[in-house]
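Heads up, the thing below is written out as C-alpha cells.
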Amino acid sequence: MPEVPRLSLDDPVTAITGVDKAYRERLDHVGVKTVRDLLLYFPRRHEDFAAVTPIVGVQPGMRTTVRAEIYHIEKIFTRRKHMQIARATVSDESGTMTIVWFNQPYIAKQLHPGDQVLLAGTIELNGGLVMKNPDYERVSRDPTHAARIVPIYPETRGLTSRWLRPKILPLLWIADQFEEILPAELVKRKGLMARSAAIRQVHFPGSMESLDQARDRFAFEEVFLNQVAVQQAKRARKAHPANSIPFDEAAARAFVAALPFKLTNAQRRAAWQILTDMTRPQPMNRLLEGDVGSGKTVVAAMAMHHVAQAGFQSMLLAPTEILARQHADVVESLLRPFGIVVGMLLGSTPAAGRRSLLASVADGTVHVLVGTHALIEEDVRFEQLGLAVIDEQHRFGVEQRLSVRQGELWPHFLSMTATPIPRTLGLTLFGDLDISVLTEMPPGRLPVTTRLVSPDDRRAAYDFVRSQVIGGRQVFVICPLIQESDKLGVRSAIEEVEKLRTEVFPELAERIELLHGRMKSADKAAVMSRFQNGQAAILVSTSVVEVGIDIPNATVMMVEGADRFGLAQLHQFRGRVGRGVHESFCLLFTDVDDPETMRRLHALVTHKSGFDLAEIDLQLRGMGDLHGLRQHGHEFRMASLLDAALISDAQAEAVRLLERDPTLAGEPALRRQLAAYRRVYALD
C-alpha cells in the first residue's frame, strides 16, 4: 500500500498524488472537486475476478484472473487491419497461453520477459487459448485491477477505471472521516452497514455479500434523505397560510356549459381535485400531468375562472414565448365570455406596453397574467395573487419557481407537465406534490401510427412524407444534439435543412423552414406564423426548442437520430401530430441497429401510453434519461426508483423520525446533509 499523505475529505483532488491540472479538469467535468467527491464517485458495476485460475484450468468463455510469468512480449503492426498490437506469451507451472492487447502497443514497453503478472479478462479459443485486452498488473500483496472484485467506474474521455482505481484504493483509509448521517437507532434497528464501511466496500468489496450490503445501505440512504426532505417541505407548506378560494358550484357549472366541447372524465376529476384543494387555507401544491393534447390548459383555465370569480388573480408561467402565446390564446378564448381580463407579458413586450400592463396587474384590472420568465421579475406585483400555474416546471430554476410566492399569503400552486412520470418516481421526486393525471384523450383524437425507419427504408419514408405534403398536410422534423459543443443542436438542424432543401425535397425548398434556440423571438414567431397558416410545409426544429404550438394540419413527426432521445421525450414529440381529422404518423429514423436500442425504440411502436413508456425508459436507461427530471438536487445512484417497497419503507421511517424530532435537533449530521435538498424542496 503506497503511503498516503495526510489528507482530509475537503482537500482539493490536486492534493492526491498523480492528479495534475489536466486530470483535475476531467474530474471536474464529472462533478468531482474534492477528496470527498472522489470517494463518493461510486462504481457503476463490478467484475468478480477474485478467483485465480491456473492456465490448465481455464475454459473458453470463462471470466477469470490468471497469474503467470511473461515469457515473450512484442509490438506488432497488422497490415490487414492497420492496427498496432502488443502480443505476449505467458506461462505458469501448468501451461502456456497468448495475450493480445489491441491498439495498446505501449504495453510491450511496460511489461518485460520474467515479470510476474495478474491478467483479468475473458478466455477465448483462437488457434489456442487467448485472452484479449485483459486488465493487467504486476503481482503485489494488494492488487488493484485483478485477483479481486474489481470496480468499473462511470468513464469519460481521458478518465478510465484503470486510472481511477489506484487513486481511490489508497484513500479508503480516510473513509472514517465521513460522519454517519442516518440516526444511530435506525442503523442498528435495520442492520445497515456503517457509512464509512459501506464506502470502502462499495469501491473495493471483500466479497459479493459485503458489496450487496453496501449497496443496500446507500440505496436506503438515498431514498430516506429524499423522503425526509419531502416530508419537511410538506409540513412547512401546510404551516403557511393561503387565501381560501370557496367552491362555487354555479360558477363551475357555467364554465363547463360554455365550453365548445365535453370535458373527459379525467379532466372533470382533476378539476374537482384542484377546486377542492383551493378551498383550504393552506397553499395547494398539485401536479397536473397528462400527455400532449390531453387538455391540461382547459383544466387550469377552469381553476383560474374560479379564482377570478372569488376576487383573486392568477398567473400562468410558460417556458417559451411560443407556448406562452398558445396558452394566452386558449385561456383568453375560454375566459373572455365571463368578463375575465387576460394579459400577456413576454421578454419581447415593448417598454411602454409593459408599464401599462404592470399597472393593470398591480391594481387588479388584469385578472390573469400569462407569460414567460418576464412574469417573475422583481417589478411584477399582483394586487392579490391567488393561483400560480407553471407549465413544464422542470424547465425553470428553483429561484425562479420560488419567486411566484409573494407576500404573507402564498398563492395556490399548480404545475403542469407532459412528461409522464412513473408512479414510484411520483412518490419520491414529487413526494410533496399531490398528483392529478389526465389518462384520457379528448374525443376525436386519432391514434398516431409509429414506424421505425432503417437506413434501407429512408428513401421510401421520404417518398411517403412527400405524398403527405402534396396532399396538403404538414410535417415536423426533429434533430438531435449530435456534438456536445453544439449544446442547442443548431448545427445539426442547419445541416438537416440544407440536406432536405438540396437533396431530398428540392421541389419543396421554398416551403422548408428552420426553428432553433439561437433565433430572435421575432424571427421564431414569424417562422411559426408561416407554419400555422400553411405557407411552410416542413418545419425543422431542434429538440431544445419546445414546438408546443397546435397545428391540426400536421400529420407527420419525423425524428432524426431517434436513438439519442429517451422514450418519454419521443412520446412527447409524437403527441405534436394527430390533432386534426387526418391520420397521423411518427417516423423514427435511426442508423443504430444494436438489439438494446431496437428493443427500446420498438416499445414506442407497440405502446401508446406515456406512463407505460416512462416505466420502460426507467428500466432500460435508468433515472438520468427521464426527460427534465435531473434537476431535483440529487441523483439516485444505488436506489432503483421502481422499488416501491424500498420507497414505502423509507417514507415510513422519515415520517416516524419527524414525528419524534420535527426539527431534527438530535440529528445534526442529517440536518447538514439535507441542506442541499432544502432549496429544491422549498417548492417541489
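The values are calculated or read from the model by the stated rules, or taken from the named source; none is laboratory data. Keep in mind that what you see is a predicted model, and the values were worked out from it rather than measured. Reconstructed Cβ throughout: ideal geometry from the backbone, glycine too, with neighbour counts over all protein chains shown.
Quick look at the numbers
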{"item": "Options Ile152, Ile168: the member that is in contact with a His (Cβ under 6 Å, 6 or more places away or on another chain) and either in contact (Cβ under 8 Å) with a residue 60 or more places away in the chain or closer than 30 Å to Val32 by Cα (or both)", "result": "Ile168"}
{"item": "Test: residue in segment 332-340 that is assigned by TED's automatic domain parsing to the domain that holds Val389, over 22 Å from Glu440 (Cα atoms) and part of a loop (DSSP other than H, G, I, E, B)", "result": "yes"}
{"item": "Count of residues meeting criterion [buried (at least 18 other Cβ atoms within 10 Å of the Cβ) and of a type outside the set (Lys, Arg)] in segment 505-524", "result": "7"}
{"item": "Conditions (1) touching a helix residue (DSSP H, G or I) at 6+ places or on another chain (Cβ under 8 Å); (2) surrounded by fewer than 21 Cβ atoms within 10 Å (Cβ to Cβ); (3) polar (S, T, N, Q): number failed by Gln227", "result": "(2)"}
{"item": "All helices (runs of 4 or more DSSP H) inside segment 133-203 with 2 or more residues being of a type in the set (Ser, Thr, Tyr), crowded, with 17+ Cβ neighbours inside 10 Å and at pLDDT 90 or above", "result": "none"}
{"item": "Filter pass, Met208 being modelled with pLDDT of 95 or more, among the aliphatic types (A, V, I, L, M) and within 26 Å of Ala639 (Cβ to Cβ)", "result": "no"}
{"item": "Where Gly206 falls short, out of the listed (1) within 30 Å of the chain's Cα centre (by Cα); (2) farther than 22 Å from His306 by Cα; (3) outside any helix (DSSP H, G or I)", "result": "(1)"}
{"item": "Every residue from segment 237-266 that is among the aromatic types (Phe, Trp, Tyr) and outside any helix (DSSP H, G or I)", "result": "Phe247, Phe261"}
{"item": "Any hit, segment 299-313, residues being part of a strand (DSSP E or B), under 23 Å from Ala362 (Cα atoms) and either at pLDDT 90 or above or in the same structural domain as Leu414 (by TED's automatic domain parsing) (or both)", "result": "yes"}
{"item": "Whichever residue in segment 67-90 is in a loop (DSSP other than H, G, I, E, B) and at negative phi and, among such residues, is surrounded by the most Cβ atoms within 10 Å (Cβ to Cβ)", "result": "Lys81"}
{"item": "Residue list for segment 457-477, filter: among the polar types (S, T, N, Q) and free of Cβ contacts under 8 Å to residues at least 12 places away in the same chain", "result": "Ser467"}
{"item": "Selection status of Asp28, under 41 Å from the mean Cα position of the chain (by Cα), in a helix (DSSP H, G or I) and not assigned by TED's automatic domain parsing to the domain that holds Pro113", "result": "yes"}
{"item": "The listed residue being surrounded by 12 or more Cβ atoms within 10 Å (Cβ to Cβ) and not polar (S, T, N, Q), out of Gly18, Gly95", "result": "Gly95"}
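Matching residues to (1) within 18 Å of Ser436 (Cα to Cα); (2) surrounded by fewer than 21 Cβ atoms within 10 Å (Cβ to Cβ):
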site: Pro246; (1), (2): no, yes
site: Glu249; (1), (2): no, yes
site: Pro281; (1), (2): no, yes
site: Asn285; (1), (2): yes, no
site: Gly293; (1), (2): yes, yes
site: Lys296; (1), (2): yes, no
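Each row is one residue, and each column tells you yes or no for (1) within 22 Å of Ile376 (Cα to Cα); (2) not β-branched (Val, Ile, Thr).
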position: Gly295; (1), (2): no, yes
position: Ala303; (1), (2): yes, yes
position: Val307; (1), (2): yes, no
position: Ile340; (1), (2): yes, no
